[in-house]
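Enquirer: A single structure is presented below for examination.
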Amino acid sequence: MAREAAAGFDNAGGVGGQPVLDRLVALLDLEKIEENIFRGVSPAHSPVRVFGGQVAGQALVAAGRTVPEERKVHSLHAYFIRGGDPSVPIVYEVDRIRDGRSFTTRRVVGIQHGKAIFSLSASFQKDEGGIEHSEAMPDVPAPDSLPTLQERAEGYFMGHLDRPRPIDLRYVNDPPWVTRKSGDRPARNQVWMRADGKLPDEQLLHVCVLTYASDMTLLDSVLARHGVYWDLDKVLGASLDHALWFHRPFRADEWFLYDSASPTASGARGLATGRFFAEDGTHIATVVQEGLLRVV
């Protein structure tokens, strides 16, 4: 699927806000066309390929709509098989693998032009008590004290940063297009995020919005180690696979910190890991992704 840069929406009225977020919510509201079969579309103004976070979020919606509401998703594992065509709908077929006493398992395949472009397995669990611990959130400045994405991008000619987007981003450290010029090689990429507006109270929707956002900035942690960036260098990239674990409830329209790093890169592939923290320090989710990264 397309890299994060493709995560833009058309909006003549500005760079973000509630109208753009409402378009994302509509994008995630799939059409049910048959039992276990759903259909989703892409934004009217899309790049050549479908944004990976979009198809992952839509597939999770399809899975969740076949599961009792009291069972919450706790993990997903996905593969991006082919580049998605934004000009035609994606059909999502859900396989009800298992309905157990505590856990429910679903498999979803996204199909275009008669071929699988994406596959996802997701596990849902009823609420249970148990042992608890978590790592502490990194000590970082508050999101409202940081410049907006547009302010960070001022003076840099990268078209994808000017596109309206439903997620508000605030970089904690210097963005990779800045460190590329300064010569820094940061080991971590830290970004505050939140849905740029108010979301309905449906918990599955909040999880799917975070899933959408989790494909944004993650592979930047790989590129920053090498001083290259998408539009400023000849970088060809795409998400290959994606895994997410959801640890605790959260709201995606409240600030969360996305703390990511890249432990290794080889064979034209880069591995990135990330942790999500709510603003009060609660560890809410963890992500791992491998991406195709060809620097030519």
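The values are calculated or read from the model by the stated rules, or taken from the named source; none is laboratory data. All figures in this text were calculated on a predicted structure; none of them were measured in a lab. A quick note on method: Cβ atoms are made from the backbone with ideal geometry, for glycine too, and the neighbour counts reach across all protein chains shown. Protein only, heavy atoms only, side chains kept; ligands, DNA and RNA dropped before computing areas. Shrake-Rupley method; radii C 1.70, N 1.55, O 1.52, S 1.80 Å.
Enquirer: For segment 236-260, which residues satisfy the criterion of being outside any strand (DSSP E or B), charged (D, E, K, R) and touching a strand residue (DSSP E or B) at 6+ places or on another chain (Cβ under 7 Å)?
Expert: Once the filter is applied, which keeps residues that are outside any strand (DSSP E or B), charged (D, E, K, R) and touching a strand residue (DSSP E or B) at 6+ places or on another chain (Cβ under 7 Å), segment 236-260 yields Arg248, Asp253, Glu254.
Enquirer: Let me ask something additional. Within segment 261-276, work out how many residues are touching a residue at least 24 places away in the same chain (Cβ under 8 Å), out of contact with any Ser or Thr (no Cβ under 9 Å at 6 or more places or on another chain) and assigned to a strand (DSSP E or B).
Expert: Total meeting the criteria: 2.
Enquirer: Mind checking whether some residue in segment 108-129 is open to solvent by 50 Å² or more (accessible area, probe 1.4 Å), of a type in the set (Gly, Ala, Ser) and at pLDDT below 95?
Expert: yes
Enquirer: List the number of the failed condition for Pro263; all other conditions in (1) modelled with pLDDT of 95 or more; (2) open to solvent by less than 50 Å² (accessible area, probe 1.4 Å); (3) farther than 23 Å from Arg107 by Cα hold.
Expert: Only one criterion is unmet by Pro263, namely (2).
Enquirer: Only one of these conditions is not met by Ala26: (1) at pLDDT 95 or above; (2) touching a strand residue (DSSP E or B) at 6+ places or on another chain (Cβ under 8 Å); (3) not in a strand (DSSP E or B). Which number is it?
Expert: In the conditions (1) at pLDDT 95 or above; (2) touching a strand residue (DSSP E or B) at 6+ places or on another chain (Cβ under 8 Å); (3) not in a strand (DSSP E or B), Ala26 misses (2) alone.
Enquirer: For Arg101, indicate whether it is open to solvent by 60 Å² or more (accessible area, probe 1.4 Å), over 20 Å from the mean Cα position of the chain (by Cα) and farther than 21 Å from Leu244 by Cα.
Expert: Here the answer is yes, as Arg101 does meet what is asked.
Enquirer: Testing Asp231 on (1) open to solvent by less than 10 Å² (accessible area, probe 1.4 Å); (2) closer than 28 Å to Val295 by Cβ, one condition comes back false. Which one is that?
Expert: (1)
Enquirer: Please indicate, with yes or no, whether at least one residue in segment 73-80 is at pLDDT 95 or above, open to solvent by 40 Å² or more (accessible area, probe 1.4 Å) and either over 21 Å from Ala213 (Cα atoms) or not aromatic (Phe, Trp, Tyr) (or both).
Expert: yes
Enquirer: Related question: Among the helices (runs of 4 or more DSSP H) confined wholly to segment 140-220, which include 1 or more residues that are open to solvent by 10 Å² or more (accessible area, probe 1.4 Å) and in contact (Cβ under 8 Å) with a residue 60 or more places away in the chain?
Expert: 149-153, 203-213
Enquirer: Take the residues of segment 47-66 that are modelled with pLDDT under 95 and assigned to a loop (DSSP other than H, G, I, E, B): which is most open to solvent (accessible area, probe 1.4 Å)?
Expert: Looking at the filtered set, the residue picked out is Val48.
Enquirer: What pairs come out if I take residues in segment 84-95 that are of a type in the set (Ser, Thr, Tyr) and pair them with residues that are in a loop (DSSP other than H, G, I, E, B) and open to solvent by less than 50 Å² (accessible area, probe 1.4 Å) whose C-beta lies under 8 Å away, six or more apart or interchain?
Expert: If the second residue must be in a loop (DSSP other than H, G, I, E, B) and open to solvent by less than 50 Å² (accessible area, probe 1.4 Å), the pairs left are Ser87/Ser42; Ser87/Ser46; Tyr92/Leu30.
Enquirer: Kindly provide the set of residues from segment 244-296 that are among the β-branched types (Val, Ile, Thr) and under 13 Å from the mean Cα position of the chain (by Cα), ordered by number.
Expert: Thr273, Thr286, Val287, Val288, listed by residue number.
Enquirer: Please find, among Leu257, Leu271, Leu204, the residue that is under 23 Å from Ser145 (Cβ atoms) and modelled with pLDDT of 95 or more.
Expert: Leu257
Enquirer: Run Glu31 past the list (1) crowded, with 20+ Cβ neighbours inside 10 Å; (2) modelled with pLDDT of 95 or more and report the number of the one that doesn't hold.
Expert: (1)
Enquirer: I need the full set of residues from segment 182-232 which are more than 28 Å from Leu30 (Cβ to Cβ) and of a type in the set (Phe, Trp, Tyr), in order please.
Expert: Those that are more than 28 Å from Leu30 (Cβ to Cβ) and of a type in the set (Phe, Trp, Tyr): Trp192, Tyr229, Trp230.
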